[in-house]
Every structure is written in structure tokens, then in C-alpha cells.
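I have placed the structure first, in the form of C-alpha cells, so that the comments after it can refer back to it.
The values are calculated or read from the model by the stated rules, or taken from the named source; none is laboratory data. Here the structure is a predicted model, which is why all the values come from computation and not from measurement. Because the Cβ atoms are built from the backbone with ideal geometry, glycine has one as well, and the counts that use them run over all protein chains shown.
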Amino acid sequence: RLATTAISLAVAAWLVDGIRFTGPRHGMAEIEHKIIPLLIVAAILGLVTSFVKPVLTVLSIPFIIATLGLFLLVINAAMLGLTSWIAGQFDLGFHVRGFWPAVAGAIIITITTWIVDGFVGDDD
């Protein structure tokens, strides 16, 4: 699960302009500099998704019903923003700049996770 989340975060950082990891941009130096922060941020996202997201989802059931489920995108974007804030507190070099990059990142992370789980298999 951690590897799947890390891959999804890397794809989101690669595709979305407002999501990034600080450090080198090319070659082996980029991989060496960003692999540990990527894994730590993936773990943070997993923890935030496991503990905070269910509470927000239950509290926002009326909004989810009224928007036919689209409010879940806002919740996922908020989880990504919270992950960015926590990563900033530990100076991990992961940044999400604004609401719309967070929404785009949440969509990409969801789609990438589905694809990777389809190839690797999901043990849940």
C-alpha cells in the first residue's frame, strides 16, 4: 500500500504544476534526494486518509448526498492539503500550492492508485 501511494504521489507531482517535491529535477540525483521524503509523505497521506478522512466523510454526508458524491473530491483535496501542511512541519520538501492543484492531485492519485492496484493486486 505504501509503494502504491508513493507511486501515485510521484505521478501527481510530475503531472500537476502546483504539486512538487523540492530538490534536483533530473537524473539519479533527483531519485536519491526525493525517495525517502516521497515514502514518508506517502506514509503521512496514508495515516491522514485512515484517521481524518472517515471523520470528515461522516460529518459531511449531507454535502456528499447533495452533490451526488462530488464533495468527496473536496475531502480528498483537503487530505492532500493536510498532508502537505504536515510534511511542511517536518521540512520534507513536499508542497501543494492551492485548492485546484490539490483537487487535480487527488484525482490523479485516485486514478493512479486504481491502475497500480489493478496491476499489482489489492490485498484488501
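Listed values, structure above:
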{"item": "Residues within segment 56-68 that are surrounded by 10 or more Cβ atoms within 10 Å (Cβ to Cβ) and on the phi > 0 side of the Ramachandran plot, tallied", "result": "0"}
{"item": "Number of the exception - LEU38 against (1) within 14 Å of ALA10 (Cβ to Cβ); (2) buried (at least 19 other Cβ atoms within 10 Å of the Cβ); (3) out of contact with any Phe, Trp or Tyr (no Cβ under 8 Å at 6 or more places or on another chain)", "result": "(3)"}
{"item": "Residue in segment 19-35 that is closer than 16 Å to THR5 by Cβ and exposed (fewer than 15 other Cβ atoms within 10 Å of the Cβ) present", "result": "yes"}
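The rows are residues; the columns are (1) on the phi > 0 side of the Ramachandran plot; (2) out of contact with any Ser or Thr (no Cβ under 9 Å at 6 or more places or on another chain); (3) of a type in the set (S, T, N, Q); (4) at pLDDT below 95.
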{"position": "ARG25", "(1), (2), (3), (4)": "no, yes, no, yes"}
{"position": "MET28", "(1), (2), (3), (4)": "no, yes, no, yes"}
{"position": "ALA42", "(1), (2), (3), (4)": "no, no, no, no"}
{"position": "SER84", "(1), (2), (3), (4)": "no, yes, yes, no"}
{"position": "PHE99", "(1), (2), (3), (4)": "no, yes, no, no"}
